[in-house]
Amino acid sequence: MSHKVWIFDLDNTLHDADAEIFPHLHVAMTRYIMSELRLEEAAACLLRQHYWRIYGATLKGLMRHHRIHPHHFLQQTHQLDELEHMVSTVKRLRHTLQQLPGRKVVFTNAPMSYAKRVLKLLAIDDVFDQVFSVESSGFHPKPAVRGFQHLLQTLKVNAGNCILLEDSLPALMTAKRLGMKTIHVSPKPRRPSYVDVRISSVLELPHTWLYKTYNNAECHQK
């Protein structure tokens, strides 16, 4: 049996981005669209939301339909000078992650610089073997299959050896279709058929049957 790879989404999975970070990012993205596409605020906001719903990331829609340069967009929208005051540390998060047997990877639709800043502020940046950002995916953000394929090729692993923890159901659906185990991190009780486990917080992971199954398997190998 091969060692498992635990793949974690970042925002709203490893920490709460809704309270402080996402509102700032939404404003920054809306202003960017207003400036680049010469739209009024209401129209720019609607377009931002539309592309996020269709593609899983506003950037993908802007690249596909408006030839927006991805690096320029990311640099302009993710500066977040006050990020250190927006990220709330999570007690026992580091301890929980360190308990996991196997490799640990972050897979996020956010840019690399932002992801590394957040992980450092959460004091878990050294826990992960790799950070796979939107740039790493070739700008094919989740839930796109191509982004997942880039990840698997980079990690040199089969989907069947991976467990994805994620707050986005469309991303979990793609992961399940590829053969991954799926854990939905959400307070909502609904659990679709493509979700193996639902937890309210990553801190609950050691209490799940999925963790116990793989942890026992790893112990028997030693």
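The values are calculated or read from the model by the stated rules, or taken from the named source; none is laboratory data. The structure displayed is predicted, hence computed values, not measured ones. We place every Cβ from the backbone using ideal geometry, glycine too, and count neighbours over all the protein chains shown. For accessibility, only protein heavy atoms count, side chains too; no ligands or nucleic acids. Shrake-Rupley method; radii C 1.70, N 1.55, O 1.52, S 1.80 Å.
Observations, loosely collected:
- Residues of the stretch 165-195 that turn out to be touching a residue at least 24 places away in the same chain (Cβ under 8 Å), within 23 Å of Q98 (Cβ to Cβ) and of a type outside the set (V, I, T), as a count: 5
- Evaluation of A110 against (1) under 14 Å from the mean Cα position of the chain (by Cα); (2) among the small types (G, A, S); (3) open to solvent by 40 Å² or more (accessible area, probe 1.4 Å) (one fails), failing number: (3)
- Residue selected from the stretch 114-164 under the condition surrounded by fewer than 15 Cβ atoms within 10 Å (Cβ to Cβ) and either without any contact (Cβ under 8 Å) to a residue 12 or more places away in the chain or among the small types (G, A, S) (or both), by the criterion farthest from T77 (Cα to Cα): G160
- Near pairs, Cβ below 6 angstrom, 6+ apart or cross-chain, from the stretch 9-36 (touching a residue at least 40 places away in the same chain (Cβ under 8 Å)) to any residue that is surrounded by fewer than 18 Cβ atoms within 10 Å (Cβ to Cβ) and in a helix (DSSP H, G or I): Y32/Q76
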